[in-house]
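Please read the structure below before turning to the comments.
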Amino acid sequence: ERRQKRVTSLLRSLPTLFVVCGFLLMLFTAQKYGLNSLNRTEDNKATNITTMTTTTTGVSNLREDSNLIFGGIRTELDRARKAEEGSKKEDDDFYDDFNDEGDNNEEGGDGGTDGNIGDDDLGPDHKTRIAYAISLTGCGDGPTPVGLIDGAAILAHSIRSVSYPMLSSSRYSAKLFAIVHHDALKCSKDLQRLGYSILPVPTPIQIENIKGQFLREHVNKTGCCGEKEFIKLYAYTLADYPVAVHLDLDVLMLSPMDDLFDVIIAGEGGKAILHKKMTEGAIQVHKGPYAETYEPESSGRVDAFFTRDYNMVNPGKRYVGVQGGFLILRPDISALEQYVKVIHEGNFKQGSGWGGKFGGFYGAQQFQGVVPYFYDSLRPNTAVELNRCYYNNMADAPQGDNGKCRDSKEECQDCRETPVDEVQSAHFTICQKPWLCLAHDSTHGHHPICRKLHGIWYQKRKELEDLWVQTLGDVYVPPQRTGTYHKSHFLGFCNTFGVKGYTDIVVPGN
């Protein structure tokens with residue numbers, strides 16, 4: 001009888017025991033799988049970088065749910081915009097003191113009276129900002145990748161140099177963004193000091209969700225940085241700006257690209273404006289056997305400009321990848337959503353590429369291949385290939401080993417012979433990085449245009465440091481320019497040949 005009473009008492013206590021166990025299980029689950037929003041790391045607090053939040057489904061589903069991903073980006077953009085509105089001193093006004101002409105010219109530039117189609121409609125509003133973005137996928141083995149800060153600093157200065165207010169005639173100003181993978185946050189803090197707004201992001205796709213077996217098994221093993229390179233696609237989320245420009249860190253802007261921005265902003269009238277500007281010589285497009293032609297009666301909008309990398313294919317190839325360091329686009333979150341769906345579908349065939357067409361070249365599985373597939377196959381006739389000798393000039397040889405033009409033209413155009421003052425932007429790939437202290441003189445095999453473009457890069461560096469000294473006074477002490485290696489060319493920033501001979505830039509505040 002006593003035993004029966006104890007059993008009965010135990011049974012009565014079981015519901016309470018189950019409740020307690022269930023509560024403890026909930027606490028354990030919450031701690032392990034992230035019911036609460038992710039807190040900032042101490043490093044992120046120090047650099048004022050806001051990380052994106054997650055939900056009860058955990059971090060992995062953050063990449064699956066596009067609303068969460070893009071919502072996080074929108075939060076970052078809102079924060080950047082509020083900071084912008086709260087204090088115009090953040091970046092542009094830092095340079096205003098050196099452009100009295102621009103400050104005093106309330107009308108600005110030519111006032112839109114030069115007769116260009118669309119200029120009057122667009123208006124010479126210097127507050128119309130263009131978003132310029134770079135991306136950072138990792139930090140490498142050291143604390144900071146070689147050339148990261150130097151490349152970002154000179155690129156930022158070159159962008160501002162061709163934008164209002166530093167260039168008073170420009171119709172557009174610039175806003176700088178750095179799209180930074182979570183794995184690279186620790187080496188990105190100096191980018192903020194250079195005026196970049198940091199956008200921390202995850203990889204926008206999940207490899208395990210890719211249906212195509214070949215892409216799923218290889219996308220993380222090829223290209224510059226595997227699947228992480230897809231973070232460049234976040235440039236499409238910069239929807240607060242009419243145009244976004246994504247550039248690699250080893251790019252140098254040399255002339256304003258206002259005419260290209262005019263075309264995209266014009267919407268459905270874009271192709272008509274493009275044709276007129278082409279006729280006037282203001283825009284140089286690629287002309288070849290597979291290139292689109294534009295007539296006076298052309299209608300429709302232009303959503304993107306890019307160049308193709310013919311160095312990566314044999315002459316005569318029909319479907320060629322884009323050059324991954326230069327893309328001008330119309331921000332459109334639906335475009336990014338479509339990219340993610342396309343990548344997860346994984347329609348990449350071994351040997352022939354996306355859709356069985358765009359493959360067989362470096363980076364085909366990543367950005368260089370999926371972008372042309374997107375614009376040539378999925379959204380045809382909405383993008384324009386620019387002449388690579390004027391935009392994103394890499395000083396590449398025009399002919400392949402068989403003597404034929406790489407871009408399938410009958411007559412080759414040698415980009416190495418383009419006058420430097422006609423080059424809109426340069427990309428230091430074949431010429432190698434300026435911080436390698438390569439003289440490109442008669443003892444080296446590269447074309448003289450490399451020496452000229454490197455020389456301009458070093459002039460921009462000197463100009464930027466002088467600007468910091470003029471603005472900050474004794475607060476900023478630049479590195480000594482005592483290098484003797486080709487001093488008239490490297491301006492004292494190189495002690496000897498190679499990266500070890502280069503004098504790193506010092507960012508104000510360090």
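The values are calculated or read from the model by the stated rules, or taken from the named source; none is laboratory data. As the structure is a prediction and not an experimental result, all values here were calculated from the model. Neighbour counts are summed over all protein chains in view; Cβ atoms, including those assigned to glycine, are modelled from backbone coordinates with ideal geometry. Just so you know, the surface numbers come from the protein's heavy atoms only, side chains and all, with ligands and any DNA or RNA stripped out. Shrake-Rupley method; radii C 1.70, N 1.55, O 1.52, S 1.80 Å.
Loop-resident chymotrypsin sites (Phe, Trp or Tyr not before Pro) (DSSP state other than H, G, I, E or B) in the range 257-321 with no more than 16 further Cβ atoms inside 10 Å of their Cβ: TYR290. Once Rh for the range 227-281 is found with the Kirkwood sum over Cα pairs, what is the Stokes-Einstein diffusion coefficient at 37 °C and 0.692 mPa s, in µm²/s? Once the numbers are plugged in, D ends up at 247 µm²/s.
Take the Cα of ALA239, step 7 Å toward its Cβ, do the same at GLN350, and the gap between the two points is 4.0 nm. Pair-distance distribution P(r) for the range 129-430, from all Cα-Cα distances in 10 Å bins starting at 0: 6, 28, 37, 24, 5, 0 percent. Projecting label points 7 angstrom from Cα along Cα→Cβ for LEU472 and LYS500 puts them 2.9 nm apart. For LEU327, the amide hydrogen comes within under 5 Å of the amide hydrogens of HIS246, counting only partners 5 or more places away or on other chains and with H modelled in the peptide plane.
Using a simple spin-label model with pseudo-atoms 7 Å out from Cα toward Cβ, ASN220 and LYS462 lie 4.8 nm apart. Taking amide H as placed 1.01 Å from N in the peptide plane, TRP354 has its amide H under 5 Å from the amide H of LYS349, GLY359, each at least 5 places away in sequence or on another chain.
In this structure the amide hydrogen of VAL243, modeled in the peptide plane, comes within under 5 Å of the amide hydrogens of ALA131, none closer than 5 places in sequence on its chain. Taking θ as phi - 60° and the Karplus parameters 6.51, -1.76 and 1.60, the scalar couplings of the range 432-440 work out to 6, 6, x, 6, 8, 6, 8, 6, 6 Hz in sequence order, x denoting glycine and proline.
Using θ = phi - 60° in the Karplus curve 6.51 cos²θ - 1.76 cosθ + 1.60, the 3J(HN,Hα) couplings for the range 475-486 round to 5, 10, 10, x, x, 5, 9, 9, x, 9, 6, 6 Hz; x is entered for Gly and Pro.
Of the trypsin sites (Lys or Arg not before Pro) in the range 177-213, which ones lie in a loop per DSSP and count no more than 16 other C-beta atoms within 10 Å?
When the trypsin sites (Lys or Arg not before Pro) of the range 177-213 are filtered for loop state and at most 16 Cβ neighbours within 10 Å, LYS211 remain.
Full extension of the chain between ASN402 and ASP183 yields a length gain of 74.5 nm, computed as 0.36 nm times the residue separation minus the alpha carbon distance. Surface composition of the range 129-430: carbon plus sulfur atoms hold 45% of the accessible area, using a 1.4 angstrom probe and ignoring ligands, DNA and RNA.
Heavy-atom accessible surface of ILE273, to the nearest 10 Å², is about 10 Å², with a 1.4 Å probe and all protein chains retained. The distance separating the Cα centre of the range 248-290 from that of the range 128-169 comes to 22 Å.
Taking Lys and Arg as +1 and Asp and Glu as -1, the other residues whose beta-carbon sits under 11 Å from that of TYR132 total +3. Per-residue accessible area (protein heavy atoms, 1.4 Å probe) orders HIS218, HIS181 as HIS218, HIS181, starting from the largest.
Could you give the accessible area per residue of the range 129-430, probe 1.4 Å, as a whole number in Å²?
That works out to 34 Å² per residue.
Per-residue packing, averaged as other Cβ atoms within 10 Å, sorts the ranges 248-255, 482-489 into the order 248-255, 482-489, beginning with the highest.
For the range 216-222, backbone phi angles converted through the Karplus equation (6.51, -1.76, 1.60; θ = phi - 60°) give residue-by-residue couplings of 4, 8, 10, 5, 8, 10, 10 Hz, Gly and Pro being listed as x. Let me check I've understood the local charge: for CYS437, count other residues with C-beta under 14 angstrom from its C-beta, Lys and Arg +1, Asp and Glu -1. What total comes out? Spelling it out: positives minus negatives among the neighbours equals +3. For the range 287-335, the set of trypsin sites (Lys or Arg not before Pro) satisfying both a DSSP loop assignment and a count of at most 12 other C-beta atoms within 10 Å is given as ARG318.
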